[in-house]
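Here the structure comes first, spelled out in structure tokens, and everything after it is commentary.
We did not get these values from a lab; they are worked out from the coordinates using the rules stated. On a predicted model such as this, the values are computed, not experimentally measured, just so you know. As a convention, Cβ positions derive from the backbone with ideal geometry for all residues, glycine included, and neighbour counts pool all protein chains shown.
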Amino acid sequence: MARKKTESSTSNLFFENLALNLTKFSGSTTAFIIAFGVVIVWAATGPIFKYSEAWQLVINTGTTIITFLMVFLIQRAQNKDSIALHLKLNELIAAEKGASNRLIDAEDFSEGELNVLKTHYNTLVKLAEEDKDIKTSHSIEDAEQRHKSKIPNKNKKS
């Protein structure tokens with residue numbers, strides 16, 4: 001069944017595309033050059049306007065507005081990146097045979113729950129440090145075995 005495009009989803013898609021393009025552009029060399037050029041032009045016009053309060057107000061107002069809007073744009077981009085990163089990590093946890101599925105969506109745990117997990121992993125670190133011999137936990141044989149387990153068996157009959 002085809003999903004109907006609503007006015008809301010169309011405006012959300014428009015804003016998402018706009019935000020994505022603005023985020024990409026704002027981090028570009030072109031954006032920096034434009035911003036730098038604006039500052040140079042503003043500074044060069046100082047003597048013309050006798051460094052008046054209005055002249056100063058132009059740059060102060062402009063930079064304040066741009067900074068205010070960029071805070072929300074950057075936060076939106078970080079939220080999206082954070083969600084994507086969590087999904088990727090969740091996929092890795094879910095796919096790894098020995099990993100605990102309890103850690104899927106760990107970002108939603110309370111601070112107390114996270115501290116319990118941190119204590120658990122700190123204990124594992126202490127146990128690993130007692131072992132001193134890195135070859136025990138990271139041997140060539142272990143790496144080869146792990147690699148082979150990920151390769152489909154070519155001799156297997158379908």
Response to the item:
Per DSSP loop assignment and a cutoff of at most 16 other beta carbons within 10 Å, the chain keeps its longest run without exposed chymotrypsin sites (Phe, Trp or Tyr not before Pro) at 52-108
Practice prompt. Only one of the values (i) 10.7; (ii) 20.8; (iii) 12.6 was calculated from this structure for mean projected area of the Cα convex hull in nm²; name its label.
Written response: (ii)
Discussion item. At 20 angstrom or more along the helix axis (alpha-carbon based) and mean Kyte-Doolittle of -1.0 or higher, what helices does the chain contain? Whole DSSP H runs only.
Written reply: 7-26, 29-44, 53-95, 111-130
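Can you give the longest run of the chain that contains no trypsin sites (Lys or Arg not before Pro) sitting in a DSSP loop with at most 14 other Cβ atoms inside 10 Å? Can you show the working numbers first?
Values: sites that count: 3, 4, 5, 50, 97, 132, 154, 156, 157.
The segment 51-96 is the longest one with no such site.
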Item to complete: State which entries of 97/150; 80/118; 126/148; 24/80 exceed 21 angstrom in Cα-Cα distance in the structure shown.
Response: 80/118; 126/148
